Amino acid sequence: MAIAGAVLTSAWTPAAALECEGVVLDDGCLFTITGSDTPEPDDGYAVTNAHGAPFYDFVRASDLDAIGYPISQRWASEAFTLQAFQKVILQWDPGEGRMRYFNTLDALANRYPEVVLPNVPPHQVVETDSDGDFGSVTRAHLALLDENPAIKARFLGEPAWLSLYGLPIRYEEREVDGNPQGLQLLRTQRTVFEIWNVAGPGIAVGEVNLQNVPDKLKQLDDVIIPNTAKAPRKASDPDYPAIIANLYWVADGLTPLEQEGVAQLERVFAVSEPMLRDRIYKSWFIRNQYSQRKARLYKAMARHAEQAWVSDGINPTEERLFGKWGSHATEVPDLAVLALQKPWIVDGLTDEEVEVVHELMKVGVNERLALLETNPGSNEPTIAYYLLRMPFLDSVEPVDMLAISSLYRIGWWHRHEQHSIVAHFAERGGVTDDHTKIIPVLAHAAENDPESFDTMLNSANLLVEDRSIALPQAGPVTLAVIRSRPGDAATMDHLEEAVRFTEGFIRRSFPTKYIALHVTEAVEPWGGLFLGTHIGIREAYDDRNHDWNQSLRAIVHHEVSHYYWHEGPSWLSEGGANFFVMRAGVRGSEAGLSDLSRECRSTAVGDATPERRYECRNHFGTELFYNLYHRLGEGEFLRRLWRLYDSTHGDLAADNCGDIVEGPCHLRFAFVTDAPPEAAALVERFLGEVALWED
């Protein structure tokens, strides 16, 4: 059973309120009465209203016997600030603006099941806990009180028993000195009631008392109460927000250098506590030791926390930026600082801008690793630093991310070629927006056609035809056909037709706003390829005097459809692309499907070559989509095709698929779930056949 910490709404008059026993602070009290961990008489645990969390106001209105004195400083856990007292742990919820009692013993059972506290009954699950009816759950747990009338009277005598204690969890009696009822115990969600029925030092026989459960936890190593929150402090010590104070390099005392780092973190906290929490929990460069190398990063983060688009709250796009920035910031500090200075970062963020920062950081980190191999300890700026200062990144266009992604790919395998590209453009004033149309196609050339690489690097040797269009879903996009010699003027028209048809048929926004078709022999032996940053087709298709030219329209449609279907099993990626070409009326017929169907089904699987296996898997996929289309009708088929696309691309959860990205599970989810029996039968027949042809 897991019941959230109850909101504190009680308004009773405490029997003995918690008064300041120690040093009075401006917004609270430093309780020295429980600071006896050290011989210092003026240190202790501060209970304050600092940083918007009113712990002091709450405890002054509470019963000392129910709460006890403080035994820790504050600490942060996710979005909450907590503080331990002798008998309870308080939890401030900033989102709700409420103080709650922490489910201390529930948390112990869930997070540290191996921990056994002395004289604390073990956790148990009551039979009704899984029913979901809070009324029946409550009655079943309260029935445990009938085991001991004295404990029951004390428990129910508290007006706010649900807030303060939670529900009863387990009653237990233990033998002590021959008395089978020597110790009577009731474990609740947040505390333990006890009655000693044998005499002993400091024991009031027969009285009902509450154990100091947090005191017991404090003796353990980082169990619920972090070690960093246990040390007493003096009144003169700085009062940092808990999220900062509990960083280990802050808690162990600050050097003058570290004080500068804390000052920057306080700047961030003052503007956006959620941003600071996000950075601390996700970025090791803040959690780990502060250093001189990190100083510029902290200042950059603090300066940009004060931008208007941060101070008004962090949206998911802004959170992604700092996640991607912070994950590599210490490895490429110059790049990280420069990135946050770009005008398109300062004036607000788009998803494209976040991806540009991410790709640049990847280029920089990869280059840093290479530099350190040849020159350990080098602080030389990486090539990404110089890229970020070039004209093409004065603003961010859709093609920019593809260009940087291509440079990253080149640098990973061919660092020399990456440097050649950047040096080539640097000599000409840097990469411009015109150059970025070429750079996405260079990665495949560097890997597969190095002889043409130098030729392609010079834009004077290339013919670039581009066209701007507007799509219903994606909006403005740019098309480009890149050649090394004149080609068929119809190629661009076919590219536009294919892009429009594909987005219109699947009715999902085209995945990119820059679609480049590169006419190149680097895709040999294939006729065409989808290459991530662009598509490529062989030169013969673009040559009006070659026999292959008659298939130009079909191959352009096929490769464009791979922008949507390019992952997963070949029957999905290639079969789906083939079906799209058929639906566009470009190539293929039912007769052609039947001919290949008979050939594949009459071939012994064991006798088929690997090429034939691949071809038949693709054919079966094409045939499946074709048959489903005609069996279901266009409207129902499209509804299910969209479900298949959304589930395979993570936008719709397919039940019980686990970690499968694309495949049979998603196909069943889209075309078997709540489908007509004949459609479900087609899918199951297909899956049985295609499984035979898997390698």
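The values are calculated or read from the model by the stated rules, or taken from the named source; none is laboratory data. It should be emphasised that the depicted structure is a prediction, and the values quoted were computed from it without experimental measurement. Note: ideal-geometry Cβ built from the backbone for every residue, glycine included; neighbour counts use all protein chains shown. Ligands, DNA and RNA are stripped out before the accessible areas are found, and what is left, the full protein with its side chains, is counted by its heavy atoms. Shrake-Rupley method; radii C 1.70, N 1.55, O 1.52, S 1.80 Å.
Of the residues in the range 319-332, how many are of a type outside the set (Phe, Trp, Tyr) and either in contact with a Gly (Cβ under 8 Å, 6 or more places away or on another chain) or surrounded by 21 or more Cβ atoms within 10 Å (Cβ to Cβ) (or both)? So the answer is 6. Looking at this structure, is residue 607 at pLDDT below 85, within 35 Å of the chain's Cα centre (by Cα) and open to solvent by 40 Å² or more (accessible area, probe 1.4 Å)? In short, no.
On inspection, residue 525 qualifies as exposed (fewer than 15 other Cβ atoms within 10 Å of the Cβ) and assigned to a loop (DSSP other than H, G, I, E, B).
Among residues of the range 33-61 being of a type in the set (S, T, N, Q) and open to solvent by 40 Å² or more (accessible area, probe 1.4 Å), the one that is modelled with the highest pLDDT is 49. Residue 341 falls short on exactly one of the conditions (1) more than 13 Å from residue 381 (Cα to Cα); (2) not in a loop (DSSP other than H, G, I, E, B), and that condition is (2). Tell me, yes or no, whether the range 563-570 has at least one residue that is on the phi > 0 side of the Ramachandran plot and open to solvent by 10 Å² or more (accessible area, probe 1.4 Å). Yes: the range 563-570 contains one or more residues that are on the phi > 0 side of the Ramachandran plot and open to solvent by 10 Å² or more (accessible area, probe 1.4 Å).
For a quick check of your reading: which helices (runs of 4 or more DSSP H) sit entirely within the range 387-481 and have at least 1 residues that are open to solvent by less than 60 Å² (accessible area, probe 1.4 Å) and of a type in the set (D, E, K, R)?
Ranges flagged: 398-413, 415-426.
Which one of these is assigned to a loop (DSSP other than H, G, I, E, B) and not small (Gly, Ala, Ser): 265, 254, 297, 276? Going through 265, 254, 297, 276 in turn, the sole match is 254. Among the residues of the range 357-369, are any under 24 Å from the mean Cα position of the chain (by Cα), surrounded by 21 or more Cβ atoms within 10 Å (Cβ to Cβ) and closer than 22 Å to residue 454 by Cβ? Within the range 357-369, one or more residues are under 24 Å from the mean Cα position of the chain (by Cα), surrounded by 21 or more Cβ atoms within 10 Å (Cβ to Cβ) and closer than 22 Å to residue 454 by Cβ.
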